[in-house]
Amino acid sequence: MNILKNKVAVITGANSGIGLATAKLYLKEGAKVVVSGRRQEALDEVAKELEGDFITVKADVAIPEDNKRLIKEATDKYGNIDILFLNAGVATPTPTNEITEEHYDAVFNINVKGPVLATKEALPHINDGGTILFTNSIVHQKGFDGLGIYSASKGALRAYQKVLTSEVKSRGIRVNAIAPGPIDTPIYGKMGLPEDVVEEMGKGFAQKVPLGRFGTSEEIAKSALFLASDDASYINGIELEVDGGLSQI
Ligand code: NAP
């Protein structure tokens, strides 16, 4: 299969979950992939299971210098970028009365500042007609207790994407986002919550989904392939909910 033959893709948060599944699918479809994450050992681990033309780059999206280096290493290796997939994110919950400045800064630095600055660094190196893709979430369309800062960060990202879509129009660059519903990825284990609380929360989410289950990273990756491909050539500026219908009822 060669849907992305010779396309150069940069994916953040690619050592895990949605990013990793997308990296695998893009490689399978012939892309050259820059697999980025913030932990070298995690990148070394996934490098063992990936097949195709790829490099790994350690970069923390919350650190501006890392975003610069990510784009430099990507373009040094493969030249201009066709697909920039800004997927890295964290979803640590905090009830409103427990929100701290540190929590706010940590979430916004990763979920908003990171993709915004990575986009700025990458733009001069994205081919005209290329694609910028984001992983948002349906959380900013609904109200889930404890997820105020996370939801606000994804809502801010969505607002930014609308401006970006317009600003890059003269270059034919398409800007789209995926808004996953509950997807079975390691993110739930990173929320800093006890296992039984995460399990209960998961059951609650699944019950609310019309399809009655969590989605898989592979289901999101298929949408990321479609939106990055020429099959989506007239799709621009959207946030595609991939959530089993959760946001629609
Ligand atoms: P995941 O498996 O935890 O993947 C998140 C990735 O982002 C990991 O590779 C993580 O690295 C990376 N990351 C976090 N902070 C980073 C930083 N500062 N710099 C670089 N990389 C960083 O979770 P996922 O579910 O696939 O999440 C991917 C995206 O989907 C996120 O933006 C998340 O908000 C969004 N999303 C997920 C769900 C869901 O239910 N799973 C629903 C809606 C939206 P580490 O491995 O080092 O943590």
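All of the numbers you see were taken from the coordinates with simple rules; none came from a lab. None of the values given here were measured: they were computed from a predicted structure. Every residue, glycine as well, gets a Cβ built from its backbone with ideal geometry; the counts of neighbours run over all protein chains shown.
Coupling constants for region 239-249 follow from the phi torsions by the Karplus curve (6.51 cos²θ - 1.76 cosθ + 1.60, θ = phi - 60°), and in residue order they are 10, 8, 6, 10, 8, x, x, 3, 7, 9, 10 Hz; glycine and proline get x.
Dipole orientation for region 55-186: of the candidates Thr135, Val107, Ile63, Thr135 has the Cα lying most toward the positive pole (charges on Cβ; Lys, Arg +1; Asp, Glu -1). Straight Cα distances below 27 angstrom link Lys162 to the lysines Lys7, Lys68, Lys72, Lys113, Lys120, Lys142, Lys154, Lys222, with same-chain residues fewer than 8 positions distant left out.
Between Asp231 and Arg39, what length comes free when the chain is fully extended (0.36 nm per residue of separation minus the Cα-Cα distance, one decimal in nm)? Let's see the in-between values first.
Numbers: separation 192, 0.36 × 192 = 69.12 nm, distance 3.36 nm.
Length gained between Asp231 and Arg39: 65.8 nm.
Compactness of region 112-229, taken as the C-alpha radius of gyration over 2.2 N^0.38 Å, stands at 1.20.
Region 19-136 has equivalent-ellipsoid semi-axes of 26, 17, 13 Å, by the square roots of 5 times the alpha carbon gyration tensor eigenvalues, sorted largest first. Taking every alpha-carbon pair in region 1-83 and binning the separations at 10 Å intervals from zero gives 21, 55, 23, 1 percent. Over every Cα atom in the chain, the radius of gyration and the widest Cα-Cα span, Dmax, amount to 17.1, 51 Å. Scaled against the 2.2 N^0.38 Å expected of a compact globular protein of N residues, the Cα radius of gyration of region 93-147 reads 1.49. The label-point distance for Asp196 and Arg171, in a model that sets each label 7 Å from Cα toward Cβ, rounds to 5.3 nm.
Counting only DSSP beta bridges with both residues in the chain, what percent are antiparallel, rounded to the nearest 5? Don't skip to the answer; put the middle values down first.
On the way: 0 of 27 bridges.
Rounded to the nearest five, the antiparallel share is 0 percent.
Less than 5 angstrom separates the built amide H of Lys32 from those of Asn6, Lys7, Val8, Ala9, all sequence-distant by 5 or more or on a different chain.
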